[in-house]
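*Asks:* This is the structure I want to talk about, given as structure tokens.
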Amino acid sequence: MINLILFGPPGSGKGTQAAKLVDKYELLHISTGDLFRYEIGNNTELGVKAKSYMNKGELVPDEVTIGMLQNKVEANPDVRGYIFDGFPRTEPQAEALDRFLMSKGQEVTALIALDVDDDEIVKRLLERGKTSGRADDSNEEVIRKRIRVYNETTSVVYNYYDEKGKSERIEGKGTIEEIFSRICESIEKLNV
Ligand code: AMP
């Protein structure tokens, strides 16, 4: 099994790169943001709850997020591994993921962090907001809030896995193909 965490601030290209990695390594892509948007689209109880946080650029509470993530993994056991995109976003989520994978005799293989500076992120997200239909991409205040949440609450997850020797930082600027090659190079080095 290869279990990768694709990490980085909002707008760093995680979704784009995850789609390419899925093709190459035959992994299941699990994006908690996409799962929430699916629930919102279906107007479920979980969706209604998540939406109130997402539209403000805040994190959905851990217990909701962790449960949803685990359900998705449990529902897809026959895969070569997972790419977690947008999860874990807090230290308790990272601890819960480790415990959960350990209970299945598995572990996180590596965390790959895409490094992109704040100004570039704001630019990319405002551009994406023109077509994504995402409320949280079209308002600069909300975008800045999401970056703040990333820096204050989420970035510690990098250190959490770095202490276990599992974090890799990748330059997230360049063409999609350039960044993809950098990620693949770092996966090949893992020897899995
Ligand atoms: P994303 O699509 O990853 O940018 O996520 C969009 C929004 O969904 C975030 O700003 C959060 O409000 C919520 N969200 C996604 N993943 C998580 C997570 N792991 N923990 C808490 N909230 C999340």
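The values are calculated or read from the model by the stated rules, or taken from the named source; none is laboratory data. The structure presented is a predicted model; accordingly, all values stated were derived computationally and were not measured. Note that we place each Cβ from the backbone using ideal geometry, even for glycine, and neighbour counts take in every protein chain shown. Please note that ligands, DNA and RNA were not included when accessible areas were found on the heavy atoms of the full protein model with its side chains. Shrake-Rupley method; radii C 1.70, N 1.55, O 1.52, S 1.80 Å.
*Asks:* Scan the range 164-175 residue by residue and report those that are free of Cβ contacts under 8 Å to residues at least 60 places away in the same chain and more than 22 Å from residue 191 (Cβ to Cβ).
*Replies:* 171, 173, 174, 175
*Asks:* So which residues in the range 137-172 are among the charged types (D, E, K, R) and within 17 Å of residue 13 (Cβ to Cβ), if there are any at all? It would help to see each step written out before you state the result.
*Replies:* Step one: filter the range 137-172 for residues among the charged types (D, E, K, R), giving 137, 140-141, 144-146, 148, 152, 162-164, 166, 168-169, 171.
If the condition is that a residue be among the charged types (D, E, K, R) and within 17 Å of residue 13 (Cβ to Cβ), then 137, 146, 168, 169, 171 are the ones that fit.
*Asks:* Another question about this same structure. Which of the residues belonging to the range 13-33 are open to solvent by 50 Å² or more (accessible area, probe 1.4 Å) and either touching a residue at least 24 places away in the same chain (Cβ under 8 Å) or in contact with an Asp or Glu (Cβ under 7 Å, 6 or more places away or on another chain) (or both)?
*Replies:* Within the range 13-33, 16, 20, 24, 26, 29 qualify.
*Asks:* Still on this model: If you take the residues of the range 35-65 that are in a helix (DSSP H, G or I) and open to solvent by 80 Å² or more (accessible area, probe 1.4 Å), which of them is farthest from the ligand (Cβ to nearest atom)?
*Replies:* Among them, the one singled out is 45.
*Asks:* Another question, if that's okay. Looking for something of a type in the set (Val, Ile, Thr) and within 17 Å of residue 153 (Cα to Cα) - is there at least one such residue anywhere in the range 28-51? Talk me through it step by step, then tell me what you get.
*Replies:* In the first step, residues of the range 28-51 are kept if they are of a type in the set (Val, Ile, Thr); the result is 30, 32, 40, 44, 48.
From the residues that got through so far, the ones that are within 17 Å of residue 153 (Cα to Cα) too are 32.
Checked the range 28-51: at least one residue is of a type in the set (Val, Ile, Thr) and within 17 Å of residue 153 (Cα to Cα).
*Asks:* For the range 70-88, which positions are surrounded by 21 or more Cβ atoms within 10 Å (Cβ to Cβ) and either assigned to a helix (DSSP H, G or I) or at negative phi (or both)? Lay out the reasoning, then the answer.
*Replies:* Step one: list which residues in the range 70-88 are surrounded by 21 or more Cβ atoms within 10 Å (Cβ to Cβ), which gives 82-88.
Correct list: 82, 83, 84, 85, 87, 88.
*Asks:* For residue 168, state whether it is farther than 24 Å from residue 35 by Cβ and outside any helix (DSSP H, G or I). Full working, then the answer.
*Replies:* Numbers: farther than 24 Å from residue 35 by Cβ: yes; outside any helix (DSSP H, G or I): yes.
Yes; evaluated as a whole, the condition is true for this residue.
*Asks:* I've got another one for you. Within the set of pairs 6+ apart or on separate chains, which have a first residue in the range 150-163 that is in contact (Cβ under 8 Å) with a residue 60 or more places away in the chain, a second that is assigned to a helix (DSSP H, G or I) and of a type in the set (A, V, I, L, M, F, W, C), and C-beta atoms under 6 Å apart?
*Replies:* The qualifying pairs are 157/94; 160/94.
*Asks:* Which condition does residue 108 not pass, out of (1) within 16 Å of the ligand (Cβ to nearest atom); (2) among the aliphatic types (A, V, I, L, M); (3) out of contact with any Leu (no Cβ under 9 Å at 6 or more places or on another chain); (4) over 14 Å from residue 9 (Cα atoms), if it passes all the others?
*Replies:* (3)
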